[in-house]
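Heads up: the structure comes next, in structure tokens.
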Amino acid sequence: MSDLIEALNIFLKYGNPAYPTHCEHDVLTVDIRPNLVSDEDKKRLEDLGFHMNEDSDDFHSFKFGSC
């Protein structure tokens, strides 16, 4: 759980949307635009299990997603 909490704290630096996440088909999506996130934080998020989804302009994780 510590990886998830660390990732969410990184995302919080780039916005605080009212509905920041959704989950479907075993994928957790976080509604933060990758172009706002520093390269250093993108690398750390990748290490934590979150990947940029450039098709939908957000981040997703197969590690933390479950429906």
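A few points about this structure:
- Segment 36-58 residues that are under 13 Å from residue 13 (Cα atoms), paired with ones that are among the hydrophobic types (A, V, I, L, M, F, W, C) and surrounded by 11 or more Cβ atoms within 10 Å (Cβ to Cβ) (beta carbon under 7 Å, 6 or more apart): 41/10; 42/52; 45/7; 45/10; 45/59
- Looking only at residues of segment 28-47 that are outside any loop (DSSP other than H, G, I, E, B) and touching a Ser or Thr at 6+ places or on another chain (Cβ under 8 Å), we find that the one that is surrounded by the fewest Cβ atoms within 10 Å (Cβ to Cβ) is 29.
- Consider segment 1-27 and keep the residues that are charged (D, E, K, R) and part of a loop (DSSP other than H, G, I, E, B). The one that is farthest from residue 65 (Cα to Cα) is 13.
- Of the residues screened, residue 59 is not one that is surrounded by 16 or more Cβ atoms within 10 Å (Cβ to Cβ) and not in a strand (DSSP E or B).
- If you go through segment 16-67 and keep only what is among the aromatic types (Phe, Trp, Tyr) and over 19 Å from residue 1 (Cβ atoms), you end up with just 19.
Just so you know, all these numbers are worked out from the coordinates, no wet-lab data involved. Treat the numbers as computed from the prediction; the structure is a model and nothing was measured. Here Cβ is always computed from backbone atoms with ideal geometry, including for glycine, and neighbour counts include all displayed protein chains.
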